[in-house]
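Report on the following structure.
The values are calculated or read from the model by the stated rules, or taken from the named source; none is laboratory data. Owing to the predicted nature of the structure, the values given are computational and were not obtained by experimental measurement. Heads up, the Cβs are rebuilt from the backbone with ideal geometry, glycines too, and the neighbour counts pull from every protein chain shown.
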Amino acid sequence: MKIQVKNLSYIYGEGSPFESIALDNISLNMQEGEFIGLIGHTGSGKSTLVQQFNGLLKPSRGEVWVDEINTKDKDAVKKGLRQKVGLVFQYPEHQLFEETVFKDVAFGPKNMGCSEEEIQTRVEYGLNCVGLDPKEFSERSPFDLSGGQKRRVAIAGVLAMRPDFLILDEPTAGLDPQGREEILEEIRGIFEEYKITILLVSHSMEDIARLATRIIVMHKGKAVLDDTPKNIFRQRDILKGMGLDVPEIQECMVQLKEKGFLVKEDALTVEEAYQDLVDVLRRKKDA
């Protein structure tokens with residue numbers, strides 16, 4: 001599955017005194033099998049962009065294609081647009097409402113008209129994707145779970161629709177460190193084990209650097225950078241000019257380089273930096 005964005009613009013309040021350009025002539029191609037990180041300062045257009053992909057918002061100008069579906073088509077949803085593209089908003093657990101986890105995760109498949117057998121299969125699939133044992137959690141109330149478990153149930157409800165493309169908008173917002181780590185590891189597992197294409201919106205450069213294979217940078221409604229994580233974070237001055245940081249570990253390595261240590265400035269994770277430092281010390285010892 002692929003998503004094609006062609007000269008996309010979106011204008012809030014078009015024609016009114018409060019008209020505001022949220023997206024400005026964006027063109028992108030997103031392919032099956034990618035893990036895309038979407039970053040940008042607050043107000044850069046990230047959330048407006050991702051809502052174009054499943055038809056919640058429709059272009060003011062240009063087009064968005066999901067496979068052969070034009071999101072402007074009045075029948076786009078009937079053609080299965082929202083089964084192809086699953087969108088998880090910030091704090092999705094606030095939308096939990098059923099008396100059991102099973103019923104909550106089953107809500108989407110049931111509305112799709114799935115058979116009871118298919119609903120059962122999809123609920124088990126969704127819960128397994130997020131690391132929750134269906135036998136243990138199906139009959140529990142979602143309101144008795146921890147914050148991280150509620151978040152995972154909400155994500156399972158989207159996955160039960162069997163999307164090809166999963167969008168997560170700040171999925172760790174408001175969670176404690178343990179809950180954040182659990183969610184991130186489940187997202188990694190969904191990508192690696194279930195081969196679902198993922199677009200992750202996050203303010204955490206560490207999370208994006210650790211997980212993404214490609215990064216798109218938004219600024220003032222435009223997609224200004226689009227490249228691999230290493231190539232994006234090498235452009236420290238440009239990012240900082242847009243009010244964005246680089247991963248803390250990279251900042252640490254840059255400072256070590258400035259003090260004369262022969263380390264790599266583009267190390268993006270703790271593991272990568274650790275290995276580089278070990279190599280530096282080994283070379284120094286052997287010299």
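Observations
- Residues of segment 49-100 classified as small (Gly, Ala, Ser), in contact with a Phe, Trp or Tyr (Cβ under 8 Å, 6 or more places away or on another chain) and buried (at least 17 other Cβ atoms within 10 Å of the Cβ), total: 1
- Single residue of Glu182, Glu186, Glu170 found to be among the acidic types (Asp, Glu), touching a residue at least 12 places away in the same chain (Cβ under 8 Å) and within 13 Å of Gly40 (Cβ to Cβ): Glu170
- Residue count for segment 131-163, restricted to those that are over 24 Å from Arg82 (Cβ atoms), of a type in the set (A, V, I, L, M, F, W, C) and assigned to a loop (DSSP other than H, G, I, E, B): 1
Residue-wise test of (1) over 29 Å from Glu34 (Cα atoms); (2) modelled with pLDDT of 90 or more; (3) of a type in the set (Gly, Ala, Ser).
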position	(1), (2), (3)
Glu93	no, no, no
Glu98	yes, yes, no
Asp104	no, yes, no
Phe107	no, yes, no
Arg122	no, yes, no
Gly126	no, yes, yes
Gly131	no, yes, yes
Asp144	yes, yes, no
Arg152	no, yes, no
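Table: residues versus (1) crowded, with 21+ Cβ neighbours inside 10 Å; (2) of a type in the set (Ser, Thr, Tyr); (3) in contact with a Cys (Cβ under 6 Å, 6 or more places away or on another chain); (4) in a helix (DSSP H, G or I).
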position	(1), (2), (3), (4)
Ile187	yes, no, no, yes
Glu192	no, no, no, yes
Leu199	yes, no, no, no
Ala223	yes, no, no, no
Gly243	no, no, no, no
Leu268	yes, no, no, no
Asp276	no, no, no, yes
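- Residue ID - surrounded by the most Cβ atoms within 10 Å (Cβ to Cβ), chosen from residues in segment 4-20 that are hydrophobic (A, V, I, L, M, F, W, C) and modelled with pLDDT of 95 or more: Leu8
- Residue list for segment 225-241, restricted to those being among the acidic types (Asp, Glu) and assigned to a strand (DSSP E or B): Asp226, Asp227
- Complete set of residues in segment 30-48 that are modelled with pLDDT of 95 or more and exposed (fewer than 15 other Cβ atoms within 10 Å of the Cβ): none
- Checked against the criteria, Leu23 does not count as surrounded by 14 or more Cβ atoms within 10 Å (Cβ to Cβ) and in contact with a Pro (Cβ under 6 Å, 6 or more places away or on another chain).
- Note on segment 1-117: enclosed helices (runs of 4 or more DSSP H) holding 1 or more residues that are within 30 Å of Lys135 (Cα to Cα) are 81-84, 101-111.
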